[in-house]
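Enquirer: Structure incoming, see below.
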Amino acid sequence: VVDLYLTGTVGWSISAGYVKYVLDNSKGKPVTVAISSLGGYVDTGLQIYEVFKNHGDVTVEFLGMSASSATFMAMGAKKIKMAKNALILIHNSMTWVGEYGSRNKEQIDECIKRLKFQRDQLSTIDDILAQIYADRNGKSVEDVKAKMKVAAWIKAADAVDFGIVDEII
């Protein structure tokens, strides 16, 4: 029995407030959360990760295709299952880059400075996300970062082998 079905964009149709509300109304009871989402916003995913951890007895079931923040938020669950024909994807964080138009050399230098800052911020986020996966699977952060860099769809059996899914359903 699924208690909560999360589909859509993390941070839009999937809100941390709603997930917390449902879990708060299930204190002391096991909760099963089905997830089929291509991800969304990192901040909401991190919040839901903590909500799952704080509840303590959450089982996640990955169905369909789930990616990005939908995968790392699930790492807060006590148990993670994945449908035999489902796929998940973990990857490095991303941000919108919009530097268009004509620029002189000083303006280009300013663009480069802004892009380097954004790159450093993404690196900080990647460190946190890799640690979340590593805490789950017991592998090194470097091993997890290598998997995130590939950014390829992962089958259920491979997700179990990598240690981020406990069981195939």
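Quick note: the coordinates plus some simple rules give every number you see, no bench work behind them. These figures come from a predicted structure and were not determined experimentally. Note: ideal-geometry Cβ built from the backbone for every residue, glycine included; neighbour counts use all protein chains shown.
Enquirer: Can you run phi through the Karplus equation (6.51, -1.76, 1.60; θ = phi - 60°) for segment 40-46 and list ³J(HN,Hα) in whole Hz, with x for Gly and Pro?
Expert: Working through the residues one at a time gives x, 8, 4, 4, 5, x, 5 Hz.
Enquirer: Farthest toward the dipole's positive end in segment 62-155, which of 115, 144, 64, given Cβ charges of +1 (Lys, Arg) and -1 (Asp, Glu) about the Cα centre?
Expert: After comparing all options, I get 64.
Enquirer: Which entries in 20/78; 113/147; 116/145 show an alpha-carbon gap greater than 24 Å? Mind dumping the intermediate values first?
Expert: Working: 20/78 16 Å; 113/147 28 Å; 116/145 20 Å.
Checking Cα-Cα distances, 113/147 exceed 24 Å.
Enquirer: Once label points are set 7 Å from the Cα along Cα→Cβ at both residue 169 and residue 85, what is their separation, rounded to one decimal in nm?
Expert: Each label point is offset 7 Å from its Cα along the Cβ direction, giving 1.6 nm.
Enquirer: Further question: Alpha carbon centre of segment 90-169 versus segment 1-79: separation in Å?
Expert: Comparing the Cα centres of segment 90-169 and segment 1-79, I get a distance of 20 Å.
Enquirer: On full extension of the chain, what length is gained from residue 131 through residue 100, given 0.36 nm per residue of separation minus the C-alpha to C-alpha distance? Can you show the working numbers first?
Expert: Numbers: separation 31, 0.36 × 31 = 11.16 nm, distance 3.46 nm.
Extra length from residue 131 to residue 100 when fully extended: 7.7 nm.
Enquirer: So what's segment 116-169 giving for Cα Rg divided by 2.2 N^0.38 Å, two decimals?
Expert: Numbers: Rg = 12.5 Å, N = 54, 2.2 N^0.38 = 10.0 Å.
My calculation over the Cα atoms of segment 116-169 gives 1.24.
Enquirer: Using label points projected 7 Å from each Cα along Cα→Cβ, tell me how many nm separate residue 116 and residue 15, to one decimal.
Expert: In this crude spin-label approximation the distance works out to 4.1 nm.
Enquirer: Also, I was wondering about something else. Hey, with R₀ at 25 Å, roughly what FRET efficiency would residue 161 and residue 57 work out to, going by the Cβ-Cβ distance, to 0.05? Before the final figure, lay out the partial values.
Expert: Working: r = 26 Å, r/R0 = 1.02.
According to the calculation, E is roughly 0.45.
Enquirer: Quote to one decimal, in nm, the extra length available between residue 7 and residue 27 on full extension: 0.36 nm per residue of separation minus the C-alpha distance between them. All intermediate terms of the calculation are to be shown ahead of the outcome.
Expert: Numbers: separation 20, 0.36 × 20 = 7.20 nm, distance 2.28 nm.
Length gained between residue 7 and residue 27: 4.9 nm.
Enquirer: To continue, here is another question. Normalised by the residues of segment 1-75, what does the relative contact order come to in percent, with Cα pairs under 8 Å and at least six apart? Could the numbers behind the result be given before it?
Expert: Working: 139 pairs, mean separation 28.0, N = 75.
Once normalised by length, the contact order is 37 percent.
Enquirer: Right, next: Which far-off residues, 5 or more places away or on another chain, put their amide H under 5 Å from the one on residue 82, with H placed in the peptide plane?
Expert: Those lying under 5 Å, H to H, from residue 82 are 62, 167, 168, 169.
Enquirer: Averaged over all directions, how much area does the convex hull of the C-alpha atoms of the chain cover when projected, in nm²? Please report the intermediate quantities before stating the final value.
Expert: Values: hull surface 42.6 nm².
Its average projected convex-hull area is 10.7 nm².
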